[in-house]
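Below is one structure, written out as structure tokens; the observations come after it.
Throughout, read-outs are computed from the coordinates displayed, never taken from laboratory work. For clarity, every value in this text was computed on a predicted model and none was experimentally measured. For neighbour counting, all protein chains shown are included, and Cβ atoms are generated from backbone atoms with ideal geometry for every residue, glycine included.
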Amino acid sequence: MKKLIAVFMIGLVLPFIASADKTPCWGKNGGISHCEGSKFVCNNGKYSNSKKICSGYVKKKHTKNKTVDVSDVDATNSETVKKTEITKLGNILKLDYQGFTLWLDCKKRGVVKFQYNAQHGTGNEPGAKGFKLDPSVPKECQQTSTAAYGHGYDHGRLVLANHLDYSPEAIKQVNYMTNILPQSLQMKQGAWLLTEQIIECYRDVDKLLVIGGVIWGDNPADDYFVKSHGVKTPDAFWKVVISGNGHDQRAIAWVAPNSKDATQNNLDDYLVSLGELEIITGEKIPVANYLKNDKPSASWIIPVGCKRG
């Protein structure tokens, strides 16, 4: 009798196991997260051993009355978000978001450069809350936590939501950790904030091209977050703001230390010429050559009556 029961149970279990083996990311893998080429990437970050082809996979969410396509749903947000367009450039991933672009260094788990156009403000879209990993970007290229940094550092956005307030999509995407790095509280609320306010005001005068990036440096003394987040602390941040075209073109650039000294009152101390910036960063700034040796004596003045976000 016991043998009959055992055979009966095996007969029930084997089809289930066989079926499960054919299901990508089943069991402890937590289900399918997204595709990476032909491979299935599971919700726990592992690759499935399934022989099925993942390309074109569409995840379906079944409701009482209909089936909803959720292939572009951020599982951490439960809101429909367009997948990030990714171009691989060696260890660098070029991430094209709605209205802005990031260049992400997978080895550093952090951005090396960002770029966007700041247009006339509309102020229609509310800011997003909370920080998330980008579900389209491989986890090994991102920080390992979204938690607060501490040690006098805060989540520092490289691209500001206010400058993209025409797009609800962009408002969500700027809160991805791909756009976040540890910034000194004094710098974030000081010199960096003032550059953002300058952009906020002057984008209503003319469309602006904003290019910036990170100077990682080699100071291990402030690398508090390697264990908690998998990322080092940048030594400095740089930013260029370009307006106009041709003979009407003008530009301004800063390199601000990521320290408590980087207050608003000290912003002018961080002004550099575009020529100097190109030497420091190795980046080619897209302006006329005659502008590259000019360094303003002071940062652009906030116009009277400008409503700063």
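Please go through the residue pairs 94/307; 113/172; 260/307; 88/207; 46/227 and name each one whose alpha carbons sit more than 23 Å apart in this structure. Violating the 23 Å Cα-Cα cut-off are 94/307; 260/307; 88/207.
Going by a ≥ b ≥ c, the root eigenvalues of the Cα gyration tensor, does the stretch 79-291 fall in the rounded group (a/c under 1.5), the prolate group (a/b larger than b/c) or the oblate group? The shape class here is rounded. The residue 249 and residue 23 beta-carbon pair, evaluated with R₀ = 51 Å, returns a calculated FRET efficiency of approximately 0.35.
The length gained by stretching the chain between residue 46 and residue 215 to full extension, at 0.36 nm per residue less their Cα-Cα distance, is 57.7 nm. Take the Cβ atoms of residue 264 and residue 129, set R0 to 30 Å, and the FRET efficiency comes out at 0.70. Calculated from the alpha-carbon coordinates, the stretch 160-269 shows an Rg and a Dmax of 15.2, 50 Å respectively.
Extension gain, residue 280 to residue 205, is 24.0 nm, computed as 0.36 nm per intervening residue step minus the present C-alpha separation.
Backbone N atoms of the stretch 165-206 closer than 12 Å to the 7 Å Cα→Cβ label point of residue 151 belong to residues 182-184. Roughly how far apart, in whole Å, are the Cα centres of the stretch 130-145 and the stretch 236-309? The stretch 130-145 and the stretch 236-309 have Cα centres spaced 30 Å from each other. For the stretch 79-291, the share of DSSP beta bridges that are antiparallel, to the nearest 5, is 100%.
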